[in-house]
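Read through the structure below, which is laid out as structure tokens, and then see the notes.
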Amino acid sequence: MTSHSYIKIFLSLSMALLSVLSASAMSIEEARQAAAKGNTDAMLELARLALKAYRFDEAIDAIGKYNAKGKSSSEAESIKIRAQHGKSMLDRVENIQVIDSINVDADAFFAAFNLSAPTGKLTDGEIVNSALSNDWRAEHPDVIVASPVFVNESGERMLWTTTGGDHASNTTIWELESLADGTWDTPRALFDYATIFDGDDSGVSLFAPFLMSDGVTLYFGAEGDASLGGYDIFITRRDDDNTFLQPQNIGMPYNSPSNDYMYAIDELTGIGWWATDRNNIPGKVTIYRFVPSDLRVNYSPDTPGLIGLASLSSGVAATHPQGADYTALLAALPAANAQSSADEPDFTFAIQGKIYTSLDDFRNDSARRLMESYLDYADEYDLDRQDLDRLRIKYRKGDKSVRQQIIQLEKSQEEGRLRLRSMANEIIRCELGNKIK
């Protein structure tokens with residue numbers, strides 16, 4: 001059993017927001033005509049539609065006319081800022097070969113990143129939950145580990161983000177390293193949004209870190225004023241003093257007016273991956289696979305069909321050079337991951353540096369039985385989380401009658417989280433021969 005509860009929250013809310021933004025009552029041409037007649041609502045709608053269509057100059061112009069009518073709103077200002085980002089990005093769209101794309105279930109999209117063992121792996125937050133000390137949890141009582149978690153090849157380093165608790169928990173990337181005796185050190189905050197972007201962190205968050213095998217280059221998703229969409233993909237590098245440099249938005253075609261939030265490069269197979277919900281498929285995320293390059297080469301700004309290449313709306317085949325054949329490249333994937341594909345773990349649970357992946361790994365019979373109960377309860381907890389996600393979406397769409405149900409489920413989820421934590425601690429103590437009587 002693997003738990004992906006927290007990624008479901010993020011993706012469900014993101015998709016709900018996108019459905020609202022994309023469910024326009026008029027076409028872009030209808031919005032133009034109404035805006036030309038002085039309709040301020042149509043001006044704002046035109047800006048929304050133009051932003052989504054990569055018509056950034058038109059979006060900026062529409063907001064200018066909206067403001068000239070004495071109108072202003074936080075949404076209008078946000079559209080203007082994002083359109084300005086988009087206009088700049090459209091002048092430097094990277095010329096890459098996108099091999100293909102696959103649409104996968106949103107609740108565990110990172111499982112589709114078929115990375116080779118030397119690259120590391122992406123997994124759910126339970127692997128961190130089982131490694132955190134009680135002291136750290138006591139200091140961060142409301143913090144929830146978000147999925148995905150990046151684990152390096154040796155399994156001795158994990159990078160992750162959190163949700164819940166004080167706002168700072170949503171804007172920090174954490175690193176957890178194992179010690180020589182097999183235990184885990186205290187989590188260290190690599191950086192937070194305010195310091196790394198040198199600005200206010202209100203209304204922003206960080207998500208889905210991926211560290212290259214050099215231990216220096218870090219990719220992550222960030223939502224805020226530096227983003228074109230909701231989440232954009234950024235790159236930063238670790239300096240000699242172990243601090244991180246100012247992040248850079250990696251631009252198009254990776255980022256879009258929608259959410260783009262997970263990026264990884266497998267140096268062994270020579271394949272890159274990124275996740276996006278730009279195609280607005282309910283319950284799905286699109287994973288693009290591409291050929292990474294050491295040297296960035298951009299399309300000329302006057303390239304015909306540039307918007308189609310930037311958005312990938314022209315299809316991935318439009319990025320292929322004549323005669324391109326990726327058969328050999330893709331054939332390396334099963335070989336690189338044959339063992340991990342054949343031996344999909346039942347769960348991941350860390351005890352003093354050792355990762356348990358099946359009930360057979362337990363030496364203590366009592367601990368094994370406790371783990372069975374833990375997994376059963378975790379399944380119930382996950383089903384309740386799914387119900388909570390659906391109710392939150394209904395509430396956001398205007399159904400206020402579900403408010404009390406949401407409150408009750410949120411209380412139940414908090415109680416369930418504490419119970420799972422207690423059960424996990426008892427499993428660990430029992431397996432180590434120090435069971436609570």
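The values are calculated or read from the model by the stated rules, or taken from the named source; none is laboratory data. Just so it is clear, the model here is predicted, and its values are computed rather than measured. A quick note on method: Cβ atoms are made from the backbone with ideal geometry, for glycine too, and the neighbour counts reach across all protein chains shown. We work out accessible area using only protein heavy atoms, side chains counted, and drop any ligands, DNA or RNA first. Shrake-Rupley method; radii C 1.70, N 1.55, O 1.52, S 1.80 Å.
State the number of residues belonging to the range 95-154 that are farther than 26 Å from residue 329 by Cα, hydrophobic (A, V, I, L, M, F, W, C) and open to solvent by 60 Å² or more (accessible area, probe 1.4 Å).
Counting residues in the range 95-154 that are farther than 26 Å from residue 329 by Cα, hydrophobic (A, V, I, L, M, F, W, C) and open to solvent by 60 Å² or more (accessible area, probe 1.4 Å) gives 1.
With among the aliphatic types (A, V, I, L, M), without any contact (Cβ under 8 Å) to a residue 24 or more places away in the chain and farther than 25 Å from residue 149 by Cβ as the only criterion, which of 318, 310, 324 stands out?
318
Of all residues in the range 202-245, count the ones that are among the charged types (D, E, K, R), more than 22 Å from residue 118 (Cβ to Cβ) and not in a loop (DSSP other than H, G, I, E, B). Show your work before the answer.
Narrowing the range 202-245 to residues among the charged types (D, E, K, R): 214, 223, 225, 232, 237-241.
If we keep only those that are more than 22 Å from residue 118 (Cβ to Cβ) too, we end up with 223, 225, 232, 239-241.
Checking the rest, the ones that are also not in a loop (DSSP other than H, G, I, E, B) come to 223, 232.
Of the residues in that region, 2 qualify.
Step by step: first the residues of the range 246-266, then only those that are assigned to a strand (DSSP E or B) and not hydrophobic (A, V, I, L, M, F, W, C), then the one that is modelled with the lowest pLDDT. Which residue is that?
Going residue by residue through the range 246-266, those that are assigned to a strand (DSSP E or B) are 248-249, 260-266.
Okay, now just the ones that are also not hydrophobic (A, V, I, L, M, F, W, C), so 248-249, 260-261, 263, 266.
Details: 248: 92, 249: 94, 260: 95, 261: 88, 263: 97, 266: 93.
For the range 246-266, the residue satisfying everything is 261.
Of everything in the range 374-420, what is open to solvent by 60 Å² or more (accessible area, probe 1.4 Å) and within 27 Å of residue 432 (Cβ to Cβ)? Give them in sequence order. Walk me through it before giving the result.
Initially, the range 374-420 is screened for residues open to solvent by 60 Å² or more (accessible area, probe 1.4 Å), giving 376, 379-380, 383, 387, 390, 394-397, 400-401, 403-405, 407-408, 410-411, 414-415, 418-419.
Hits for the range 374-420 are 376, 379, 380, 415, 418, 419.
Would you call residue 395 touching a residue at least 12 places away in the same chain (Cβ under 8 Å) and either more than 30 Å from residue 358 (Cβ to Cβ) or in a helix (DSSP H, G or I) (or both)?
Values: touching a residue at least 12 places away in the same chain (Cβ under 8 Å): no; either more than 30 Å from residue 358 (Cβ to Cβ) or in a helix (DSSP H, G or I) (or both): yes.
No; evaluated as a whole, the condition is false for this residue.
Can you go through 269, 243 and tell me which one is closer than 17 Å to residue 191 by Cβ, of a type in the set (Val, Ile, Thr) and modelled with pLDDT under 95?
Going through 269, 243 in turn, just one is closer than 17 Å to residue 191 by Cβ, of a type in the set (Val, Ile, Thr) and modelled with pLDDT under 95: 243.
Identify the residue in the range 33-70 that is in a loop (DSSP other than H, G, I, E, B) and in contact with a helix residue (DSSP H, G or I) (Cβ under 6 Å, 6 or more places away or on another chain) and, among all such residues, is nearest to residue 88 (Cα to Cα).
Here is the first cut: in the range 33-70, the ones in a loop (DSSP other than H, G, I, E, B) are 37-39, 53-55, 69-70.
Now drop any that are not in contact with a helix residue (DSSP H, G or I) (Cβ under 6 Å, 6 or more places away or on another chain), which leaves 54, 69.
Values: 54: 11, 69: 27 Å.
Across the range 33-70, the extreme among qualifying residues is 54.
So the check is Cβ under 9 Å with 6+ separation or different chains; which pairs have a first residue in the range 174-196 that's over 15 Å from residue 135 (Cβ atoms) and a second one that's assigned to a helix (DSSP H, G or I) and of a type outside the set (A, V, I, L, M, F, W, C)?
Filtered contacts from the range 174-196: 192/171; 193/170; 193/171; 194/171.
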